[in-house]
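Asks: Here's a structure for you.
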Amino acid sequence: MKHKILPLVFFVVMCLPFTSCDKGDDGLSDPVSVTVPIIKSKSEFRNSIAISSAQPTNSDGKIYVYGDLLFYIGQNSGIHIFDNQNPASPQNLSFIQLEGVNDISVKNDILYADNYMDLVVFDISDISNIQMVNVEEDMLPYYAAYPNDVSFFQDNIYPTSEDEFIASFTTIQMERSEAENNPHIYQWETSIFIGNFDGAVSGNEVGVGGSYAKFQILNNALYTINDYSLLTFDITNYNAITQVSETWMNAWFGGELETTFIRKNFMFIGATNGMHIVSLEDVFNPVYTSSFLHATGCDPVVVEENTAYITVRGGNSCGAIEDQVNVIDVTDISSPIEYSTYFLSSPYGLGVKSDILYICNDDGINVFNVENPNQIVLENTYDVNAKDVITLSSHLVAVGENVIYQFNYTDNFGLELIGSVQF
């Protein structure tokens with residue numbers, strides 16, 4: 001899991017300037033990586049929103065499906081919209097330039113998207129004439145994702161007005177001696193962050209995202225997560241959206257929230273410390289129900305009937321736990337119990353349909369027979385670059401780095417490539 005920083009933040013680093021830290025004379029000319037904040041203007045990114053014809057992308061993305069429309073959400077770039085009536089040859093229709101986008105959700109032809117800390121609303125009922133209908137400024141939490149494996153940090157670059165914020169971070173190379181002699185560059189050991197920020201049901205036509213989705217819609221509630229809480233918004237009137245609740249997760253023992261999945265009237269949240277279940281019986285007032293905890297790791301979750309599946313990826317950026325998929329019995333929603341664990345290399349996103357589990361990892365897409373949750377069986381592996389999937393009733397959609405694949409389901413746990421879109 002990447003470290004995250006609040007938009008307005010001051011760093012107090014436990015290892016003081018290098019003059020007070022132990023260091024020898026060796027290696028002073030070796031290059032080191034220095035992490036530097038990138039400051040942006042709110043007014044500039046808000047004024048840059050535009051709707052145009054189809055555009056290329058070189059940004060990693062998420063996928064979302066709404067009816068015959070397929071969306072590629074280019075992270076911190078924009079939303080690419082395809083006509084997917086013929087999955088063998090999707091037609092690239094249009095592009096919404098949205099510099100700070102990471103997630104979307106669609107209900108009844110209204111598209112909701114994050115744009116850094118803003119919630120932006122579009123009417124896509126006429127896909128040839130998309131209209132931006134509302135912008136709710138400073139409605140969402142925004143944290144710049146901190147790079148992995150940080151050695152040094154430059155602390156004298158920060159917002160100087162209410163219009164500015166830390167949008168992201170970059171890394172520059174510098175000789176170690178130069179870094180150690182700079183009073184504004186600190187070695188990254190331990191830090192304290194101090195800051196603040198502004199913070200499918202009958203009758204609905206709602207789209208579906210992959211297992212890394214952070215936006216969900218149920219009835220007239222739009223949900224999203226920040227590191228430690230679940231935010232609920234009333235979208236009954238998309239022109240006047242209000243936040244109606246924030247559910248803090250004190251019962252979740254400090255794990256950072258990462259992904260969301262709704263099954264019936266429950267939300268299953270993947271977090272760095274496990275899977276957490278929230279009742280949505282009152283859609284505007286979620287209630288924590290239970291958790292299945294494990295050691296720290298990155299892990300989305302999907303659910304079919306009374307079984308949940310969690311991929312847990314360890315490693316430097318995610319945790320020390322061994323890579324695995326956990327199969328969980330959620331028959332008693334108040335007390336989830338583990339059926340079994342299957343170890344596999346670097347799992348990412350996943351999807352499940354009719355007792356067949358699809359998991360993306362470094363090998364491609366693994367296809368498992370999960371009819372017996374106590375002993376799932378790997379049946380096939382497809383060598384494609386995929387990080388997440390959506391298991392539609394008609395076919396499977398997968399996304400990789402600048403590529404979308406679409407597959408037919410076949411007998412014997414098979415997948416047959418229909419076509420791909422390469423950006």
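Asks: Go through (1) buried (at least 17 other Cβ atoms within 10 Å of the Cβ); (2) at pLDDT below 90 for Ala145 and report which single condition fails.
Replies: (1)
Asks: Shifting gears a bit: Sort out which residues of region 188-206 are at pLDDT 75 or above and not acidic (Asp, Glu), and write them in order of number.
Replies: Across region 188-206, the qualifying residue is only Val206.
Asks: Sort out for me the strands (runs of 3 or more DSSP E) sitting completely within region 263-307 that have 2 or more residues that are among the aromatic types (Phe, Trp, Tyr) and more than 16 Å from Ala213 (Cβ to Cβ).
Replies: By residue number, 287-293.
Asks: Follow-up question, since we're still on this one. From the list Val283, Val287, which one is modelled with pLDDT of 95 or more, farther than 23 Å from Gly351 by Cα and of a type in the set (A, V, I, L, M, F, W, C)?
Replies: One residue alone meets the criteria, Val283.
Asks: Let me ask something else. Just to be sure I understand, how many residues within region 369-423 are charged (D, E, K, R) and closer than 22 Å to Thr307 by Cβ?
Replies: Selection size over region 369-423: 3.
Asks: Another question, then. Would you mind stating whether Ile310 is within 18 Å of Ile269 (Cα to Cα) and not acidic (Asp, Glu)?
Replies: yes
Asks: A follow-up question, please. Scanning region 157-173 for residues that are in contact with a Ser or Thr (Cβ under 6 Å, 6 or more places away or on another chain) and within 15 Å of Ser33 (Cβ to Cβ), which turns out modelled with the highest pLDDT?
Replies: Phe169
Asks: Examine region 162-176 for a residue that is within 28 Å of Thr224 (Cα to Cα) and part of a loop (DSSP other than H, G, I, E, B), and state whether such a residue exists.
Replies: Looking for residues that are within 28 Å of Thr224 (Cα to Cα) and part of a loop (DSSP other than H, G, I, E, B), one finds at least one in region 162-176, hence yes.
Asks: Next up: Consider region 327-365. How many of its residues are more than 21 Å from the chain's Cα centre (by Cα) and not in a loop (DSSP other than H, G, I, E, B)?
Replies: Residues meeting the conditions: 12.
Asks: In addition: Filter region 376-423 down to residues that are assigned to a loop (DSSP other than H, G, I, E, B) and under 19 Å from the mean Cα position of the chain (by Cα) and give me whichever is surrounded by the most Cβ atoms within 10 Å (Cβ to Cβ).
Replies: Ala386
The values are calculated or read from the model by the stated rules, or taken from the named source; none is laboratory data. Only a predicted model underlies this, so the values are computations on that prediction, with no experimental measurement involved. Don't worry about glycine lacking a Cβ; one is built from the backbone with ideal geometry, like all the others, and counts go over all protein chains shown.
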